[in-house]
Amino acid sequence: MCSLLFAARFLSAAPGSQLQPHECPSARIDEQVQVSYVYDGDTVKLSDGRRVRFIGINTPEMGHHDTLTQPYAEAARKSLQEALKTGGDMLFLQYGKERKDHYGRLLAHAFLENGENVAALLLRQGHATTLVVPPNTGKADCYAQIERAARGAGRGLWQHATYQPQDAVTLPRDTRGFRIVQGRVENIKRTRNQLRVELQGLVVARISNSDLGNFAAGYLETLAGRRIELRGWVKPEREWLGIRIRHPAALSLAGE
């Protein structure tokens, strides 16, 4: 019933006009919900108190307590608020294979009343980066294509220094937070619980045994001596800077 209602609203959104297909469209709609509050560009509160975290993207964080608002966080939040207003603050959700995260938030692809994918909208504007967290990998390729276009055009957050590739050799020891890091693979080590891809400098990409199945067999070992690009959250760990990598979308050959 929810899917039929969504389709009816989509088809009636622009009477008399030729509708264009939206980017990364819904495969189905599991629930129609009402948004009561927008925390930031990728997380909202529903009228019944539940929280929804959008699958496939990450937007800069709004400040709270003793943390500062990150660059472009306000822009992402405002963009989502304005998009929601056009449809009476309604969202149509397509849940992921994993329905909740460890914070208890619902995980879903979100669509506006006219059928537009919220993640695609924010990526296109340059207000979000892609984020692939297994097992919710659906639409990852579609989202990546939109991000590449926004990144190439230098839209939104792609203008900011934080989102420019940084060389692993020059990355400061106290670096924390989301970064895009490039460097040459110096060593690849297997430990009891993980595979470590060590770059020249201090950066170590860690792939846990539970995530190794997301990569083609033997692929990671072929990276030795090659220059790669990583994306993720950097944090100091003992004598190195660690980045947890869970999916191939967060690790690629630099410049290829």
query = Scanning for something at pLDDT below 95 and touching a helix residue (DSSP H, G or I) at 6+ places or on another chain (Cβ under 6 Å), does the stretch 40-59 turn up at least one residue?
reply = no
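Go through the stretch 7-39 and give me each residue that's of a type in the set (A, V, I, L, M, F, W, C), modelled with pLDDT of 50 or more and over 27 Å from ALA73 (Cβ atoms).
If we filter the stretch 7-39 for residues that are of a type in the set (A, V, I, L, M, F, W, C), which is where we start, we get 7-8, 10-11, 13-14, 19, 24, 27, 29, 33, 35, 38.
In the following step, the residues that additionally are modelled with pLDDT of 50 or more were identified as 24, 27, 29, 33, 35, 38.
ALA27, ILE29, listed by residue number.
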task = For the stretch 24-61, enumerate the residues that are small (Gly, Ala, Ser) and either farther than 14 Å from ALA108 by Cα or crowded, with 18+ Cβ neighbours inside 10 Å (or both).
result = SER26, SER36, GLY41, SER47, GLY49, GLY56
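When you scan the stretch 31-40, do you find a residue that is under 21 Å from LEU131 (Cα atoms) and part of a loop (DSSP other than H, G, I, E, B), even just one?
Checked against the condition, which is being under 21 Å from LEU131 (Cα atoms) and part of a loop (DSSP other than H, G, I, E, B), the stretch 31-40 yields no hits at all.
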inquiry  = If I filter the stretch 198-216 for residues that are in the same structural domain as SER26 (by TED's automatic domain parsing), closer than 30 Å to SER26 by Cβ and part of a loop (DSSP other than H, G, I, E, B), do I get at least one hit?
reply    = no
ask   = Given (1) touching a residue at least 24 places away in the same chain (Cβ under 8 Å); (2) more than 14 Å from PHE54 (Cα to Cα); (3) hydrophobic (A, V, I, L, M, F, W, C), where does LEU123 come up short, assuming only one miss?
value = (2)
query = Inside the stretch 160-176, can you point out the residues that are under 17 Å from ASN58 (Cβ atoms) and touching a Pro at 6+ places or on another chain (Cβ under 9 Å)?
reply = HIS160, THR162, TYR163, ARG176
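For (1) surrounded by fewer than 21 Cβ atoms within 10 Å (Cβ to Cβ); (2) over 19 Å from the mean Cα position of the chain (by Cα), each residue gets a yes or a no:
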| residue | (1), (2) |
| --- | --- |
| ASN214 | yes, no |
| GLU221 | yes, yes |
| ARG226 | yes, yes |
| LEU230 | no, no |
| TRP233 | yes, no |
| PRO236 | yes, yes |
| LEU241 | no, yes |
| LEU251 | no, no |
request  = May I ask you to list pairs of residues, at least six apart or on different chains, whose Cβ atoms are under 7 Å apart, with the first in the stretch 18-30 being assigned by TED's automatic domain parsing to the domain that holds THR130 and the second being buried (at least 16 other Cβ atoms within 10 Å of the Cβ) and modelled with pLDDT under 90?
outcome  = ILE29/PHE6
request  = Scan the stretch 204-256 for residues that are among the acidic types (Asp, Glu), at pLDDT 95 or above and within 19 Å of LEU171 (Cβ to Cβ) and jot them down.
outcome  = GLU229
request  = For the stretch 168-194, name all the residues that are closer than 18 Å to PRO236 by Cα, surrounded by 15 or more Cβ atoms within 10 Å (Cβ to Cβ) and not basic (Lys, Arg).
outcome  = ALA168, LEU171, THR175, PHE178, ILE180, VAL181, GLN182, GLY183, GLN194
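The values are calculated or read from the model by the stated rules, or taken from the named source; none is laboratory data. Predicted model only: the values in this text are computed from it and were never measured. FYI the Cβ positions are ideal-geometry reconstructions off the backbone, even for glycines, and counts take in every protein chain you see.
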